Structure formats: C-alpha cells, structure tokens
Amino acid sequence: MTDNAASPTGLTLLGLGAMGTALASAWLDSGHDLTVWNRTPTRAEPLAARGATAAASVASAVAANDLVVLCLLDDASVRSTLDGVDLTGKDLVNLTTGTPGGARALAEWAAARGARFVDGGIMAVPQMIGVPGSGAYVFYSGSAAAFEAHRDVLAVPAGTTYVGEDPGFAALHDVALLSAMTGMFAGVTHAFALTRKENIAPHELAELLSGWLTAMSGYARGIAEHLASGDYTTGVTSNLAMMAEGNATLLATAEEQGVSPELLLPFMRLMRQLVDDGRGDEDTTGVVDLLLGSRV
Ligand code: FVH
C-alpha cells in the first residue's frame, strides 16, 4: 500500500535514472521537500521545474537532509558517489540492487562513517511507483531505528516490508523472488518455443499460461510445509516418481517440436536423482537439499 498522506518531510535522493526519477516524482507529488543529485545533472532539470532542489554536488545534497536515499546502478557507484562525503549522523537508505554480502559490507562501511544504514530491494518497475494499488513494495532491512524514523516517508512511493536487522536480508528476499521469477520466465519461454511453429496464437497461449501458473502458485506453500516439518511426503499429490515419468513426455515433445530442452534439463536431472535415491514418494522439496549439498 502506498501512503501518499504521509506528513511531508525533507529528504535527499541520489540517482535519477528510471527508478530514481519515479521515486522523486512520488515524493514531489506528496509534497515532500526533496533535494536531488544525479551524475548527469540534466536529469534533475524536470524535477527542479516541479519544485525539487537540484544540488550542485553530492556533498551539498547529503548535507541538506538527515535522510539520504540512493538509487544508483550498483554497489560500486554507491561507494564512489559517497566517497569523501561527510556522512556523520545521516540515515542512508540504499535502494540500489545488490547482493546480501554487498549490503552487509556497505552497512559496515556506512557505520564506520557515522551513518545508520538501511538496505532496500524494490519489488516493482518504475511505472508502478507512487501508484496506489499497483502492488509495488520494497523489502527493507538493516537499522530498525532508522527504518522506523523514516517509515512514513519511505511508504510514499511503494509499500514497505521490513525483514530484519541483518542488512543483507532485503537483498536476499529481493533476489529470492527474482530468482523464482527467472525460473518462471524460463518455463514460459519454453512453452512459447514449443508452440511457435504451429497455428496457435501467442495471445491465446499467454492467457492459458497465465491461468495455469496462477493455479500452480500454491506449490511454494507446499514446499514451505515440508521444509518446516522435515517430512517431505505429507500431502504429496503429485509425487516425484510420477513427475519424472512425465518429464520423459515433456522431453519427447520438445524433440518432436524441434525445441532445445536446455531450460528444463537441469531441474529434471535433480528430480531424477531423487527418484534414483529411492525418494519417488516425495515431491520436489528434496531438490532444495540437493542444491545446498545437504539437508539443513
Ligand atoms: N528499472 C527497473 O525496472 C528496476 C526495478 C527494480 C530495481 N532496479 C534497480 O534500481 C536501481 C536503479 O535502476 P534504474 O532503473 O534507475 O537504472 P538506470 O535508469 O540505469 O539509472 C542508473 C542511475 O545510476 C547512475 N549511475 C550509474 N553509474 C554511476 C556512477 N558510477 N556514479 C554515479 N552515478 C551512477 C546513473 O547516473 P547517470 O547515468 O544518469 O549519470 C543513473 O542515475 C538499479 O540498482 C536497478 O537494478 C530497477
């Protein structure tokens, strides 16, 4: 839920790419006193015309407010942008996408400079920012005190989901969801390849895929139940033995249609390994353990 009714307060935003500009726009729309800086200064001009203060340097932008939000390309650009700038007493909220380890290192780097650090993982594209009901939200982790101090301001462009004091957790949640999305993209891509040469309209297939993937979305909750209980056989309706046989049909169909199975094979091999280990009565939860090299 966005909260465009938050009391207007001042903040600084470093980085005015596609996402940074969308964030800036939401804060301006809600009446916040916004100072912006961007490496390429012309990107600040449209925002300045709408009331933002365009700072001439990173140092003056940071000095303008206690809350400093960063939305840059990567961790390296965050460090190089803030290099040599006085961060004493500042609250840094880093919305730049990075790894959990990178966020933890940045938190230490910020603490050594007297700043509190909150990392964020944006679960949205720019078009969803500042749009009530769009479903946009941001995972936050790191300093709970800093997050609480700025929760209302941070809730203006997108919903907020705080996932813990570990500064790496926002990135870890972000990447976990993006990784699942990548697997879904792979499956959808394979499905379109299977039907591409036939008289099957892409839009029709898209509707069918959308409905089917929505219907299958409970899969994640089933895995969670098994991981929580340690019993991978409870409530299994489609077991591995059956699915592994079904995989042979998927692969044979790919061959008939002249489609490479390369997007499917890695997962199918791990399913087969579990069946060969005598675990055909389970579902795919055991693949989690195979990926980790052991059962946690
Ligand atoms: N756009 C999206 O759909 C995704 C949604 C999820 C979150 N990501 C992450 O958000 C970060 C910013 O993404 P963006 O879309 O704003 O990216 P760009 O439009 O490419 O803008 C990049 C900004 O970073 C500045 N920049 C790049 N390198 C440096 C540097 N070495 N020093 C200082 N600033 C730098 C760049 O400045 P300029 O090119 O205009 O001078 C832009 O302001 C990102 O982590 C996504 O993964 C977006």
Among (1) in the same structural domain as Leu250 (by TED's automatic domain parsing); (2) under 24 Å from Ser25 (Cα atoms); (3) of a type in the set (Lys, Arg), where does Lys197 come up short?
-> (2)
Name the pairs whose Cβ atoms lie under 8 Å apart, with the first residue in the range 128-153 and at positive phi, the second in a strand (DSSP E or B) and open to solvent by 60 Å² or more (accessible area, probe 1.4 Å), and 6 or more positions between them or separate chains?
-> Gly142/Arg116
Taking the range 163-214 and keeping only residues that are open to solvent by less than 40 Å² (accessible area, probe 1.4 Å), under 21 Å from the mean Cα position of the chain (by Cα) and without any contact (Cβ under 8 Å) to a residue 40 or more places away in the chain, one is left with Val163, Gly164, Val188
From Ala224, Ala254, residue being open to solvent by 50 Å² or more (accessible area, probe 1.4 Å) and of a type outside the set (Phe, Trp, Tyr) | Ala224
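At least 2 residues that are open to solvent by less than 30 Å² (accessible area, probe 1.4 Å), in contact with a strand residue (DSSP E or B) (Cβ under 6 Å, 6 or more places away or on another chain) and within 21 Å of Ala55 (Cα to Cα) in each: list the strands (runs of 3 or more DSSP E) lying fully within the range 67-162 that qualify.
It comes to 67-70, 91-94.
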For Ser179, indicate whether it is at pLDDT 95 or above and polar (S, T, N, Q).
-> yes
Note on Pro266: of the conditions (1) over 26 Å from His226 (Cα atoms); (2) out of contact with any Asp or Glu (no Cβ under 8 Å at 6 or more places or on another chain), unmet is (1)
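Residues that are of a type in the set (S, T, N, Q) and either open to solvent by 50 Å² or more (accessible area, probe 1.4 Å) or more than 28 Å from Gly114 (Cα to Cα) (or both): which helices (runs of 4 or more DSSP H) entirely in the range 5-66 hold 3 or more of them? Working first, answer last.
Values: elements: 18-29, 45-49, 58-64.
Those helices (runs of 4 or more DSSP H) do not exist here; none qualify.
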Does Tyr162 qualify as being of a type in the set (Phe, Trp, Tyr) and within 16 Å of the ligand (Cβ to nearest atom)?
-> no
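Residues in the range 271-287 that are under 31 Å from the mean Cα position of the chain (by Cα) and either surrounded by fewer than 17 Cβ atoms within 10 Å (Cβ to Cβ) or in contact (Cβ under 8 Å) with a residue 24 or more places away in the chain (or both): how many? Before the answer, list the steps.
Filtering the range 271-287 down to residues under 31 Å from the mean Cα position of the chain (by Cα) leaves 271-274, 282-287.
After this cut, where a residue has to be either surrounded by fewer than 17 Cβ atoms within 10 Å (Cβ to Cβ) or in contact (Cβ under 8 Å) with a residue 24 or more places away in the chain (or both) as well, the list is 271-274, 282-286.
Residues that pass the stated criteria total 9.
Quick grid of which residues meet (1) more than 16 Å from the ligand (Cβ to nearest atom); (2) not hydrophobic (A, V, I, L, M, F, W, C):
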| position | (1), (2) |
| --- | --- |
| Thr12 | no, yes |
| Ala18 | no, no |
| Asp33 | yes, yes |
| Thr40 | no, yes |
| Ala54 | no, no |
| Ala59 | no, no |
| Val85 | no, no |
| Lys90 | yes, yes |
| Thr99 | no, yes |
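Would you mind finding the one in Gly222, Gly218 that is more than 14 Å from Gly187 (Cβ to Cβ), touching a residue at least 60 places away in the same chain (Cβ under 8 Å), under 24 Å from the mean Cα position of the chain (by Cα) and part of a helix (DSSP H, G or I)?
Testing whether each residue is more than 14 Å from Gly187 (Cβ to Cβ), touching a residue at least 60 places away in the same chain (Cβ under 8 Å), under 24 Å from the mean Cα position of the chain (by Cα) and part of a helix (DSSP H, G or I) leaves just Gly222.
The values are calculated or read from the model by the stated rules, or taken from the named source; none is laboratory data. Predicted, not measured: the structure shown is a model, and the values here were computed from it. Reconstructed Cβ throughout: ideal geometry from the backbone, glycine too, with neighbour counts over all protein chains shown. Just the protein is used for accessible areas: all its heavy atoms, side chains included, with ligands, DNA and RNA removed. Shrake-Rupley method; radii C 1.70, N 1.55, O 1.52, S 1.80 Å.
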